[in-house]
Amino acid sequence: MSVWIEAVCINCDMCAPECPNTAIYRGEQHYQVDADLCTECVGFYNKPACIEVCPLDCIQIGTVVADTI
Ligand code: SF4
Ligand code: SF4
């Protein structure tokens, strides 16, 4: 289980410092999530912390939509 980041991400770096699992990193085009590290914040918070802070709402739970990554 993991979240993923859409291509509209503006690399603002709001999300990465909030991640308790250091799962968010800056990819070539935009920030990305290491699915092996992300727990959707289970064990830390009631909601995914990164989604709470993203100003663009471009972090999604569920199946990656290929056209938007
Ligand atoms: S949902 Fe939580 S664990 Fe997953 S990337 Fe976001 S902040 Fe990190
Ligand atoms: S908070 Fe949203 S827009 Fe900012 S780097 Fe993270 S995913 Fe991208």
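The values are calculated or read from the model by the stated rules, or taken from the named source; none is laboratory data. On a predicted model such as this, the values are computed, not experimentally measured, just so you know. Virtual Cβ from ideal backbone geometry, glycine too; neighbours counted across all protein chains shown. SASA here: full protein model, heavy atoms, side chains in, ligands and nucleic acids out. Shrake-Rupley method; radii C 1.70, N 1.55, O 1.52, S 1.80 Å.
Filter the range 22-32 for residues that are under 14 Å from Ile51 (Cα atoms) and either touching a Leu at 6+ places or on another chain (Cβ under 6 Å) or not polar (S, T, N, Q) (or both); which is nearest to ligand 2 (Cβ to nearest atom)?
So, considering only residues that are under 14 Å from Ile51 (Cα atoms) and either touching a Leu at 6+ places or on another chain (Cβ under 6 Å) or not polar (S, T, N, Q) (or both), the one nearest to ligand 2 (Cβ to nearest atom) is Tyr31.
Looking at the range 4-17, can you tell me whether even one residue there is surrounded by fewer than 17 Cβ atoms within 10 Å (Cβ to Cβ) and away from ligand 2 (no atom under 11 Å from the Cβ)? The answer is no; no qualifying residue exists.
In the range 39-53, the residues that are more than 8 Å from ligand 1 (Cβ to nearest atom) reach residues that are open to solvent by 90 Å² or more (accessible area, probe 1.4 Å) with C-beta atoms within less than 7 angstrom, at least six apart or across chains, in these pairs: Val53/Met14. Within the range 47-69, no residue satisfies the criterion of being more than 9 Å from ligand 2 (Cβ to nearest atom), farther than 15 Å from Met1 by Cα, at pLDDT 95 or above and exposed (fewer than 13 other Cβ atoms within 10 Å of the Cβ). When the residues of the range 3-21 are filtered to those that are in contact (Cβ under 8 Å) with a residue 40 or more places away in the chain and in contact with a strand residue (DSSP E or B) (Cβ under 8 Å, 6 or more places away or on another chain), the one that is nearest to Pro48 (Cα to Cα) is Val3.
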